[in-house]
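Colleague: Quick one: this structure, given as structure tokens, is what I'll be asking you about.
Only the coordinates and a few stated rules stand behind these numbers; no lab work does. Here the structure is a predicted model, which means the values were calculated and not measured. Cβ placement follows ideal geometry from the backbone for every residue including glycine, while neighbour counts extend to all protein chains displayed.
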Amino acid sequence: MTGLYVVMVPFFIWAAHKKRPPIRAFVAGFLGFASIACLAFGGLSKLNFGDLLAFFCAVGFAVHYLVLDKATKSTPAGALTFVQMLTAAVLFFVVGFIVDGKAMLNCSFPKSIILPLFTLCVLNTAFAYIVQTRAQKTIDASKVSLVLSFESTLGAVFAVILGGDKFTWYLALSIIGMTAAILIAEWPQKKQTSSLPDVETNNYDFSAISSSDDQINLP
């Protein structure tokens, strides 16, 4: 359900910039969501309250891509990533303390979780966000959201390779669909050629024309 953001982003861009993205951005977005749905609903029997929360999460992701797309044009990627990480840390700490402050005060950090925690915080979060922030300086937000939505499919693939999960038909459809969606979004477009001559590329010499030398005799 969270993967809905890949469909929402082109519409949000359209609403914010008053400029419709190319049709293939919508096609790729819907195909990407359908591919994620193959994974999400492959073993799902019915929707529940958690899916409603996931929908609002998707809205939040879509807005984040849109805001980040504008912010990266004027702010360095490192500074922007630091502000995001600091803001998230403070908010999560406050919410966690409100929800279950006693558990936070009594929590312990055994040595066995140091490496997984480092991997999750530094590589999977901070490093991933700084790469995304740098990418959005030059890449359209709809394309970035589509590429990052491939995370779900790749996670399922590595679960099969490393975790021993079963390879299913909906995983196969997800792989095919996500690959097709990225190809549609990134396929190079043909440039429109003009039949008019290009003055800059053709070295015309206008120095021989002089208004003082060429006179027009009117009757």
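Colleague: Mind giving me the FRET efficiency for ALA128 and LYS18? R0 is 30 Å, r the Cβ-Cβ distance, nearest 0.05 is fine.
Modeller: Result of the calculation: an efficiency of 0.45.
Colleague: Also, I was wondering about something else. Output ³J(HN,Hα) for region 136-152: one whole-Hz value per residue in order, computed from phi by the Karplus curve 6.51 cos²θ - 1.76 cosθ + 1.60 with θ = phi - 60°, and x for Gly and Pro.
Modeller: My calculation for region 136-152 gives 6, 5, 10, 10, 4, 4, 5, 6, 4, 4, 5, 5, 5, 5, 5, 4, 4 Hz in order.
Colleague: Along the principal axes of its C-alpha atoms, what lengths does region 14-139 span, in descending order and rounded to whole Å?
Modeller: 53, 45, 27
Colleague: Note the count of lysine pairs whose C-alpha atoms are less than 26 angstrom apart in region 1-156, limited to pairs 8 or more residues apart or on different chains.
Modeller: 13
Colleague: Could you sort the peptides 156-167, 58-69 by per-residue average Cβ neighbour count (10 Å cutoff), highest mean leading?
Modeller: The most tightly packed comes first, giving 58-69, 156-167.
Colleague: Take region 107-166, compute every pairwise Cα distance, and split them into 5 Å bins from 0; I just need the percent in each bin.
Modeller: Reading upward from the zero bin: 4, 14, 14, 19, 19, 15, 10, 4, 1.
Colleague: For a quick size check, give me the Cα extents of region 49-119 along its three principal axes, largest first, whole Å.
Modeller: 42, 34, 21
Colleague: Next up: Near the amide H of ASP165, under 5 Å away, which other amide H atoms are found, from residues 5 or more places off or on another chain, if H is placed in the peptide plane?
Modeller: It is VAL160, by chain and number.
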